[in-house]
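Inspection log for the structure reproduced underneath, given as structure tokens.
The values are calculated or read from the model by the stated rules, or taken from the named source; none is laboratory data. The structure presented is a predicted model; accordingly, all values stated were derived computationally and were not measured. Don't worry about glycine lacking a Cβ; one is built from the backbone with ideal geometry, like all the others, and counts go over all protein chains shown.
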Amino acid sequence: MKTSDFAFDLPEHLIAQTPVTPRDHSRLLCCDRASGLTEHRHFYDLPRLLRAGDLLVANDSRVLPARLYGERPDTGGALEMLLLEERERGVWEVLVRPGKRAKDGARFVFGGGLLEAEILEHVEGGNRLARFSHDGDFYAVLEAVGQMPLPPYITRQLEEKERYQTVYARERGSAAAPTAGLHFTPELMERIRGMGVGIEYVTLHVGLGTFRPVKVEDVAHHHMHTERYTVPVRTAEAIARTKAEGGRVIAVGTTTARTLESVCRSHGEVVPESGSTDIFIYPGFRFQVLDGLITNFHLPESTLIMLVSAFLGYEKTMTAYREAVQEQYRFFSFGDAMFIG
């Protein structure tokens, strides 16, 4: 398929700039995989779409306040740095702007000196490796000086950092939120558990590669960035039990979907393990785990809308997106959601 096949017209005012309050009051477009029929609900209606014996699997990765604004102490030159991945203790792969100021050996300070960084070397793709020094716990310092790495299409400052975290976020390491989970509240999750639906977790630390534009016209030639994941024993066992008892496994978000399908592709079933994946799911992919998917509305020509199209079907997906635009749904990270079952 061609990348241009996944283009659609999106008015700018439908790009959500702020999250809905309460979280579960976002809208929910329900899509039937078999018929393509749609129904308009709200996210707090999710329990009506589930049944006892189903299993929700969500990504519990926690977003780091990974955007840092600092300066060179010798010249005062300003620099923006985004933490991407910790390569070894205290050494991170980072994205820097402007890159010309981040020469090997250059030093920068953040938060008035609470955090310092030295550029060690250039790596593939134009990123750098930087060694950080600080007093006390690194993550505590990062919480004090860092900002949430909101996507570039969100132009308003986020008033509360926690609104770019899911309520169940635990494992630190993502450069972006697994946004399908932003709609859940503790009360909604309690209602879901109370009706006999299981909720378990995987961890996939979301990297910026997930949102990297597809720059080739033939989608089969696009290569995904590698991301780290963990599937706990408890989750693998819950999936096997759900399948054996005839329940549905429903992924909360594309990151969860990619994790489960990647592990199953390697082993023939979902097993407990930690590893990394660069799986790219687009139409023609054969799903082995998922029976349902909860997801937000994604960018035109993105790998995320391609994954949705693989699960729901290309024509049904594009029809649903056109309907969402017509019905004034809110798009992208802080936008509304889809339930595909």
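Looking at region 1-110, the strands (runs of 3 or more DSSP E) lying wholly inside it that each contain 1 or more residues that are touching a Lys or Arg at 6+ places or on another chain (Cβ under 8 Å) sit at 27-31, 38-42, 55-59, 61-63, 78-88, 91-97, 107-110. Here Arg286 meets each of (1) free of Cβ contacts under 8 Å to residues at least 40 places away in the same chain; (2) under 14 Å from Thr3 (Cα atoms) with one exception, condition (2).
Which residue pairs have Cβ atoms under 8 Å apart, sit 6 or more places apart or on different chains, and have a first residue in region 122-133 that is over 12 Å from Glu86 (Cα atoms) and a second that is of a type outside the set (A, V, I, L, M)? Every condition considered, the pairs that remain are His122/Asp104; His122/Arg128; Val123/Glu93; Gly126/Gly99; Asn127/Glu93; Ser133/Gly90; Ser133/Glu116; Ser133/Glu118. Taken as a whole, the condition of being under 20 Å from the mean Cα position of the chain (by Cα), more than 22 Å from Tyr229 (Cβ to Cβ) and assigned by TED's automatic domain parsing to the domain that holds Val57 applies to Arg330.
Would you mind stating whether Val202 is under 21 Å from the mean Cα position of the chain (by Cα), assigned by TED's automatic domain parsing to the domain that holds Phe287, in a loop (DSSP other than H, G, I, E, B) and not charged (D, E, K, R)? No; evaluated as a whole, the condition is false for this residue.
Among the residues making up region 155-198, those that are out of contact with any Lys or Arg (no Cβ under 7 Å at 6 or more places or on another chain), acidic (Asp, Glu) and not in a helix (DSSP H, G or I) are Glu159, Glu160. Could you tell me whether Glu187 is of a type outside the set (Ser, Thr, Tyr), under 16 Å from Ser333 (Cβ atoms), surrounded by fewer than 16 Cβ atoms within 10 Å (Cβ to Cβ) and more than 20 Å from the chain's Cα centre (by Cα)? The answer is no for Glu187. Residues that are modelled with pLDDT under 95, within 26 Å of the chain's Cα centre (by Cα) and either among the β-branched types (Val, Ile, Thr) or surrounded by fewer than 19 Cβ atoms within 10 Å (Cβ to Cβ) (or both) within region 104-134 comprise Val123, Glu124, Gly125, Gly126, listed in sequence order. The residue that is farthest from Arg97 (Cα to Cα), counting only those in region 124-156 that are polar (S, T, N, Q) and out of contact with any Pro (no Cβ under 7 Å at 6 or more places or on another chain), is Ser133.
Filtered by the rule that a residue be closer than 23 Å to Arg51 by Cβ and part of a strand (DSSP E or B), region 246-292 gives Val249, Ile250, Ala251, Val252, Gly292. Remark: Thr295 falls outside the filter, which requires a residue to be surrounded by fewer than 19 Cβ atoms within 10 Å (Cβ to Cβ), touching a residue at least 40 places away in the same chain (Cβ under 8 Å) and either outside any loop (DSSP other than H, G, I, E, B) or out of contact with any Gly (no Cβ under 9 Å at 6 or more places or on another chain) (or both). Filtered by the rule that a residue be crowded, with 17+ Cβ neighbours inside 10 Å and in contact with a helix residue (DSSP H, G or I) (Cβ under 7 Å, 6 or more places away or on another chain), region 259-286 gives Val270, Thr277, Ile279, Phe280, Ile281, Tyr282, Pro283. Annotation note: of Leu37, Leu28, Leu10, Leu46, the sole residue that is free of Cβ contacts under 8 Å to residues at least 40 places away in the same chain and in the same structural domain as Tyr321 (by TED's automatic domain parsing) is Leu37.
Of all residues in region 205-227 being part of a helix (DSSP H, G or I) and touching a residue at least 24 places away in the same chain (Cβ under 8 Å), which is nearest to Tyr153 (Cα to Cα)? Of everything passing the filter in region 205-227, Phe211 is nearest to Tyr153 (Cα to Cα).
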